[in-house]
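Have a look at the structure below, then the notes.
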Amino acid sequence: MPGRCVDWRAVPAREDRSPARRRCWLVFALSLAALLIAPALASAATPVSYYVSTAGTGTCAAGSPCQLAAAITDASTNDATDAVTINLAAGDYLGPVTIGAGSESSLTLAGAATLTAIDGGGTTQGLLIGGSSTADITIENLTLENGVPASNLGENLEDDGSGTVDAIDDLFRGGSGAAGDASVVVAGGALNISGSTIAGSSGAPAVLSDSSATTTIYGSTIEGNVGGGVEMDAAGTIDLGADVLATNDNSDCDELAGTISDVGYDYVDDTTHGSCGDNQEASTAALDLGALASYGGPTETERITPNSAAYDVVPTTFAPGGTAFCSTTDQRGVPRSEGLATTCDAGAYQYSPPVVTAASPRTALELGLPITLSGYGLGDVTSASFGSTAATITGQSNGSLTLTVPLSLSLGSQPITLTNPDGSVAVQFSAVGPPGFSVTTLAPGQLGVPYSQSLPVAGGAGPYSYALTFGSLPAGLTLSGSGVVSGTPTRAGGSAFDVTLTDANGVNSPTSTAISLVIATPVITLDTKSVKLNAKGRSFTAKVACSSAPCAGSVSLSQSLTVKVDGKNKSESVSLASTRYTLVAGAATTLTLTLTPSAQHALKHVKKHSLVEYLNATVSGGTNDGVFEHVS
């Protein structure tokens, strides 16, 4: 029947390629694809975000901040299989905050960049994850504090759910309880604490597990809790890795049941460590923990210094739970391993002072220009200065910092000092003026003598580039891109030309600068008093001197004679002798001139020799003062 997909077995073999058979295969393929794809589509979690604030309204309309309780209720009732993130604006959210049953696949409570607290206020719990909760919960960048449970509960966090709870970069502070209470209580599923600080709980330990699941605490600091550090009360396990536990009363670890395991690189003080496993013991003083403060992060923690026994002790190969510990960040968000470091710190705090490895475009800049410093530990830089002048930070990340050179800065070399919560670093910097030429008249050249002179630069930062923008250089000379005037002058005289200078920062000289250069003119002097005529040999001598530049030319002797031409007397100047000379500037020489045979022949026909000759000196490209000097 046309248009229907019949059983392919009923289609004769000769019709295997018929439209009916092709339709059957197409329907079958589409049906199979739908069966395979539908479950995958159904299981995909859709990201959903809520934004809440302490001043939010009770409803969660799109784009409008709502109340925290309303966002949790909305997520649990309307976001089936969704991956929900509730972004909390900075502020105090009064407890108790309760997460109950819901159909969302995961729920994240994320604090802001500044203090975001769920506060029990000294009267109630902080955050309670109820026993009906099955979702995976993430608590990140939050401060949970001042919780007070009714009995046998968590002061600041209680996990009774069956999902996995991840507490990342959090602070659990204060709170008061009694026996069976703790700042953090695990009574249901698995709890993973990383990069967090648990401090100041009075009357109860920091973490108490009453769950058969595994609780992991990695890269965290547990300090100053009156009831102790961690306590295991059930058949489960608490795994400690790269943690710092100190000044906890009773004991740092209390293994009443189950197992407390040291995965590696845990540091505890040596008087109350209890059953913390195969840990590293150090005195409280050796751990060198600082006061609880933010140190640049969204939650407060306790800093260490290079003097701490927990400093620089965890190798990059350490990977608790399969994650390389040194590839993560500390509680503040500072990378655990930076630059050339091969190890990182135990506890919630990574000591990381600023380090500068390079400057762009360079460490010599004109006033008002930006300079970008590269390195690590720069994301937490709180202040910068050029010498004693405060600098404005215009761009910042962990690997780079951009500053603007102050216009009021004095020229010369001085340090750029950067400071972050872990310390400071200073790098040398040179403030320079705009590029220009220190002189505008170059050393004179000489005609025919190779010349090379660099244009003298003042200010700016090298390397420089040069451009001829007006006029021309003396004939035979050129200007290179590196600022060298060179060549062999072929013409004497002065020349002026304009040059624009550009430095390595791309800054030009304020205007093109006129440069002058003189190629000296040769001057030859003839000493006529030195001429000695030798009548017999028909030869004579003459002294010539060169000044100002190399001289090259000739000295010649001529005489005005009267000769008969076509029966008529005619006066002519007859060349009697000549010779060439070449002298350097400042030199003199004595020349000998001898009458040529033709000159002697001409004189034989002169009845009376006047003995009046004319000595003439010439110089190529210059002047002389010996033209037609008289010799007797």
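The values are calculated or read from the model by the stated rules, or taken from the named source; none is laboratory data. It should be emphasised that the depicted structure is a prediction, and the values quoted were computed from it without experimental measurement. Here Cβ is always computed from backbone atoms with ideal geometry, including for glycine, and neighbour counts include all displayed protein chains.
Residues that are out of contact with any Phe, Trp or Tyr (no Cβ under 8 Å at 6 or more places or on another chain), surrounded by fewer than 16 Cβ atoms within 10 Å (Cβ to Cβ) and closer than 30 Å to Leu477 by Cβ do not occur anywhere in the stretch 539-546.
Of the listed requirements (1) within 20 Å of Ser196 (Cβ to Cβ); (2) in a loop (DSSP other than H, G, I, E, B); (3) charged (D, E, K, R), Asp254 misses just one: (2).
Out of Gly258, Gly163, Gly180, one residue alone is assigned by TED's automatic domain parsing to the domain that holds Leu107 and at pLDDT below 90. It is Gly180.
The residues of the stretch 249-303 that are in contact with a Pro (Cβ under 6 Å, 6 or more places away or on another chain) and under 15 Å from Gly347 (Cβ atoms), listed by number, are Val263, Tyr295. Test Ala514 against the criterion of being buried (at least 16 other Cβ atoms within 10 Å of the Cβ) and either among the aromatic types (Phe, Trp, Tyr) or modelled with pLDDT under 90 (or both), and give yes or no. So Ala514 fails the test. Applying a threshold of 8 Å to beta carbon distances and a minimum spacing of six or more residues, or different chains, the list of pairs starting in the stretch 544-555 at a residue that is free of Cβ contacts under 8 Å to residues at least 60 places away in the same chain and ending at one that is among the acidic types (Asp, Glu) reads Ala545/Asp527.
The residue that is farthest from Gly487 (Cα to Cα), among those in the stretch 427-443 that are in a loop (DSSP other than H, G, I, E, B) and in contact with a Leu (Cβ under 7 Å, 6 or more places away or on another chain), is Gly433. Could you give every pair whose Cβ atoms fall below 9 Å, whose first residue belongs to the stretch 365-378 and is in contact (Cβ under 8 Å) with a residue 40 or more places away in the chain and under 13 Å from Asp422 (Cβ atoms), and whose second residue is among the small types (Gly, Ala, Ser) and buried (at least 20 other Cβ atoms within 10 Å of the Cβ), counting only separations of at least 6 or pairs across chains? Within 9 Å, the pairs are Tyr376/Ser352; Gly377/Ser352. Would you mention how many residues in the stretch 402-426 are closer than 17 Å to Pro361 by Cβ, in a strand (DSSP E or B) and among the aliphatic types (A, V, I, L, M)? The number of residues fulfilling the criteria is 2.
If we scan the stretch 472-486, do we find a residue that is assigned to a strand (DSSP E or B) and either under 20 Å from Ala364 (Cβ atoms) or touching a residue at least 60 places away in the same chain (Cβ under 8 Å) (or both)? No, the stretch 472-486 contains no residue that is assigned to a strand (DSSP E or B) and either under 20 Å from Ala364 (Cβ atoms) or touching a residue at least 60 places away in the same chain (Cβ under 8 Å) (or both).
Which of the residues that make up the stretch 267-292 are of a type in the set (Gly, Ala, Ser) and either without any contact (Cβ under 8 Å) to a residue 40 or more places away in the chain or crowded, with 22+ Cβ neighbours inside 10 Å (or both)? Passing the criteria: Ser275, Gly277, Ala282, Ser283, Ala285, Ala286, Gly290, Ala291. Report yes if Val148 is in the same structural domain as Ser283 (by TED's automatic domain parsing) and within 30 Å of Gly296 (Cβ to Cβ), otherwise no. So Val148 fails the test.
Name the single residue that is farthest from Ser495 (Cα to Cα) among those in the stretch 438-474 being among the hydrophobic types (A, V, I, L, M, F, W, C) and exposed (fewer than 15 other Cβ atoms within 10 Å of the Cβ). Residue satisfying both the conditions and the ranking: Ala458. Evaluate the following for Ile519: is it of a type outside the set (S, T, N, Q), in a strand (DSSP E or B), in contact with a Phe, Trp or Tyr (Cβ under 7 Å, 6 or more places away or on another chain) and under 30 Å from Asp498 (Cα atoms)? Judged against the criteria, Ile519 is not a match.
From the list Thr589, Thr618, Thr623, the lone residue that is under 30 Å from Gly493 (Cα atoms), modelled with pLDDT under 80, of a type in the set (S, T, N, Q) and not assigned by TED's automatic domain parsing to the domain that holds Val449 is Thr623.
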